[in-house]
Amino acid sequence: MPNDTASGYVLEMLGISKSFPGVQALNDVTLKVRPGTVHALMGENGAGKSTLMKCLFGIYREDSGDIVLKGAKVKFHSAKDALVSGVSMIHQELLNVPDRSVRENVWLGREPMRSFGPLRFLDHRKMHEDTAALMKSLDMEIDPADRMGGLSISKQQACEIAKAVSYDASVVVMDEPSSSLTETETEHLFRIIRDLRSRGVAVIYISHKMSEIFQIADEVSVMRDGRMVGTYAASELDEDGLIRLMVGRDTTDRFPPVASVPGEVRLEVRGLTAANPRSFRDVSFDLRRGEILGIGGLVGAQRTELVEALFGLREVASGEILVDGGLVRVRSPRDAISHGLGLITEDRRGSGIFPLLSVTVNTSVASLGRYLGKARLLEHRRIESEAAKLNEALRTKTPSMGTQIQNLSGGNQQKVLVSRWLMTLPDILIMDEPTRGIDVGAKYEIYTIMAELARNGKSIIMVSSEMPELLGMSHRIMVLCAGRHTGTLEGKQATQENIMRLATQFV
Ligand SMILES: Nc1ncnc2c1ncn2[C@@H]1O[C@H](COP(=O)(O)OP(=O)(O)OP(=O)(O)O)[C@@H](O)[C@H]1O
Ligand SMILES: [Mg+2]
């Protein structure tokens, strides 16, 4: 059980400053966390949340400031170092060893040994039993012998949490932990978090999902532009108030008006069936000029698979795709692009980003063909100014257009990907979870651009797991469940209840 200290805080980060070339990422930031609480850390993309946590774990070295753990000044040199002192981080990109068992992952680097005369052996039995007991105490149904890489993301995450507990954690940091979890998995995560809290552990929780914050957080600290705005009891805030603190101004509407009236059919999909028998089957729909078609469903509904197939990234067994009434073959993204399609993928880390290249290159890489000038030389000036204009419109926060994209915050990298596909001037833009990981203010910018594209006659398919976004931005909402198209909702029919009903039809 972690000690309560005289100050009443288990962790104090005092006056932390950190700059990178061209940016002051943290400016005299103070964060104080009480034991046995869930402490949400909120702020727009690039506010400095991840940087602050990286300073805690010694991944970055702060320029000034102190870190005090249970009353004593500490300086960690690595995440492992912090872990041993009871401060752990549940990473979004899981850092386990996929080919080893769960028990080996939990005890990695401190395996229990047993002696036989002068010889020492790994005590597999103890490792197994200790892991089983740990899982049981946390109410996790995970077999210690299972291969880590074979578990779902949510179970792998649970293992990381179990590992933290086994180190007698007093502070556990979670940076956007729920972004790839289903609703049920998120509920399970919340149960684990509440359990940690009741054991006296402090959980620092970073998320852009407002509703989660009010479900789980006791206290909320808000950062803006590298500074700490303040710390509040969750009970004294409401959603609008929190947004105001984050963006530093009044936000009016959450969604811009989507005014356009859809025109003729641009894209028609008939009986599309994936080659993979476990994926989508017999999906038919159409998409009109100027229309935003939402695709709703639960995680696992095969929505991403469907749009990837439309973009030539997945094999199709049967079915037809028509663009402007003509049958087309889409066997590769190149085919798709030539028919006027663009795809913004949901997974910004896995696909699409060239970490070492500049924001300009990352923005323009899919549309260079349009900028071939005389003698087939690229017109760099035009590329640069076009890329800059798009990123300005999305309010991408970057020291310059020449900065390596890996140095941008997670949400700002996402914005660069959005601008990349806008730059290709697609007629049909497919957006898979376009605002995942993006802060409230920037969401509005993306919605505004979507509405404007629709007004200018472009068509948009938007896969989204966020109900308000589906309801606020779509002309029609098509719902998938377990790879089947279970219905399309429009007008008064488009309600949260109806979407859920269709999304769970076969569950
Ligand atoms: N290694 C780095 N080099 C240069 N700049 C960096 C580096 N790491 C972070 N930054 C900058 O520091 C600022 C804060 O970034 P940080 O990743 O902490 O934001 P965040 O609050 O976690 O945002 P998000 O919600 O988008 O994840 C950003 O302007 C970012 O560009
Ligand atoms: Mg971050």
field: Members of the stretch 217-241 found to be among the β-branched types (Val, Ile, Thr) and either surrounded by fewer than 21 Cβ atoms within 10 Å (Cβ to Cβ) or at pLDDT below 95 (or both), listed by number
entry: Val229, Thr231
task: Kindly indicate the residue of the stretch 70-79 that is in a loop (DSSP other than H, G, I, E, B) and crowded, with 16+ Cβ neighbours inside 10 Å and also nearest to ligand 2 (Cβ to nearest atom) among those meeting that condition.
output: Phe76
message: Let me confirm something: among Ile67, Ile59, which residue is farther than 30 Å from Asp238 by Cβ and either in the same structural domain as Thr435 (by TED's automatic domain parsing) or within 13 Å of ligand 2 (Cβ to nearest atom) (or both)?
response: Ile59
message: Of the residues Ile90, Ile16, only one is within 16 Å of ligand 1 (Cβ to nearest atom), in contact with a helix residue (DSSP H, G or I) (Cβ under 7 Å, 6 or more places away or on another chain) and closer than 23 Å to Val247 by Cβ; which?
response: Ile16
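Would you check if Ser207 is touching a Gly at 6+ places or on another chain (Cβ under 7 Å) and polar (S, T, N, Q)?
So Ser207 does not fit the description; no.
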query: Out of curiosity, is Thr345 assigned by TED's automatic domain parsing to the domain that holds Val463, within 16 Å of ligand 2 (Cβ to nearest atom) and within 22 Å of Ala442 (Cα to Cα)?
result: no
- request: Specify which of the listed residues (Ile206, Ile213) is outside the structural domain of His339 (by TED's automatic domain parsing), touching an Asp or Glu at 6+ places or on another chain (Cβ under 8 Å) and within 16 Å of ligand 2 (Cβ to nearest atom).
  value: Ile206
query: Can you tell me which residues in the stretch 392-432 are touching a residue at least 12 places away in the same chain (Cβ under 8 Å), farther than 25 Å from His339 by Cα, in a helix (DSSP H, G or I) and within 16 Å of ligand 1 (Cβ to nearest atom)?
result: Ile405, Gln406, Asn407, Gly410, Gly411, Asn412, Gln413
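Here is a yes/no grid of residues against (1) touching a strand residue (DSSP E or B) at 6+ places or on another chain (Cβ under 8 Å); (2) in a loop (DSSP other than H, G, I, E, B):
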| site | (1), (2) |
| --- | --- |
| Gly8 | no, yes |
| Leu14 | yes, no |
| Lys18 | yes, no |
| Ala25 | yes, no |
| Asn45 | no, yes |
| Leu52 | yes, no |
| Asp81 | no, no |
query: So which of Val330, Val359, Val307 is in contact with a helix residue (DSSP H, G or I) (Cβ under 7 Å, 6 or more places away or on another chain), more than 24 Å from Ser385 (Cα to Cα), buried (at least 20 other Cβ atoms within 10 Å of the Cβ) and hydrophobic (A, V, I, L, M, F, W, C)?
result: Val330
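The values are calculated or read from the model by the stated rules, or taken from the named source; none is laboratory data. If you're wondering where the values come from, they're calculated on a predicted model, not measured in any experiment. Note: ideal-geometry Cβ built from the backbone for every residue, glycine included; neighbour counts use all protein chains shown.
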